[in-house]
Amino acid sequence: MKERILLIEDEEKLARFVELELSYEGYSVVKAGDGREGLALLETETFDLLLLDVMLPELNGMEVLRRMRRGGVSIPVLMLTARDSVVDKVTGLDSGANDYITKPFAIEELLARIRSALRTSQGAAGFGEELSVGRLRLDNASRTALFDGTPLDLTKREFDLLQYLLENKGVVLTHDTLLQHIWGYEYEGESNVVGVYIRFLRSKIDNAYNVKYIHTIRGVGYVIRNEENP
Ligand code: CA
């Protein structure tokens, strides 16, 4: 069955482009050009995912998000934000957005985020879903990472980074994406903090257990996957 995606975006050209690409990938796309129209659709129809622009006429994206969550609509929401709207992103995640992507974005990145959001929401155990790669797994309830059942000694930041990599297993995450998700905006410009923490994780996982899970994709970013048994 085709997954239904609602796209609320007032930039007609962008909306049209995203619609074409998503349709090509096999999704069924419904478009709304302003917040009020989008909210009305959310209240009357069923969707699997919402792509929500922040700056919208009639009702802005934040307000759409707040009202739909208040109304009990729990589908994953991926916000489309402008490069400089730092406050929007923070407020968006606080208001119940699952993820965001910064404009302009590469369509491949949007598709990866959509797959990841749909996977998370459709996983058998939902948000309690166990994250794992190879012999490593996360216990989200106790916030512990276990290698063959042995707990790893990770800092909160290392755990957050590992968790985010695992939530996007097999998806290459850019340096900027990791920086924004794990560290937040005050760190923008701190160019090597991501690399430093990747090294910490590698020493505690890959090097400690002689496996290769955390991969560097030169000039792009990082991905976690088990190459022996993908
Ligand atoms: Ca807009």
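Descriptive notes on the structure:
- Count of residues meeting criterion [touching an Asp or Glu at 6+ places or on another chain (Cβ under 9 Å) and under 22 Å from Arg115 (Cβ atoms)] in the range 69-80: 7
- Entry remark, the range 1-58: residues being closer than 16 Å to Ile75 by Cβ, in a helix (DSSP H, G or I), over 22 Å from the mean Cα position of the chain (by Cα) and not hydrophobic (A, V, I, L, M, F, W, C) number 2 in total.
- Some residue of the range 72-93 being over 21 Å from the mean Cα position of the chain (by Cα), outside the structural domain of Gln180 (by TED's automatic domain parsing) and either assigned to a helix (DSSP H, G or I) or modelled with pLDDT of 95 or more (or both): no
- The residue list Leu42, Leu65, Leu52 contains one member that is crowded, with 17+ Cβ neighbours inside 10 Å, away from the ligand (no atom under 11 Å from the Cβ), touching a residue at least 12 places away in the same chain (Cβ under 8 Å) and within 24 Å of Pro104 (Cβ to Cβ), which is Leu65.
- For Asn98, the conditions (1) surrounded by 15 or more Cβ atoms within 10 Å (Cβ to Cβ); (2) touching a helix residue (DSSP H, G or I) at 6+ places or on another chain (Cβ under 9 Å); (3) at pLDDT 85 or above all hold with the exception of (3).
- Qualifying residue in the range 18-30 (condition: within 12 Å of the ligand (Cβ to nearest atom), closer than 23 Å to Gln180 by Cβ and surrounded by 14 or more Cβ atoms within 10 Å (Cβ to Cβ)): no
The values are calculated or read from the model by the stated rules, or taken from the named source; none is laboratory data. Bear in mind that the values here come from a model prediction, so they are computed numbers and not experimental data. When we count neighbours, we look across all protein chains shown, and the Cβ atoms used for this are built from the backbone with ideal geometry, even at glycine.
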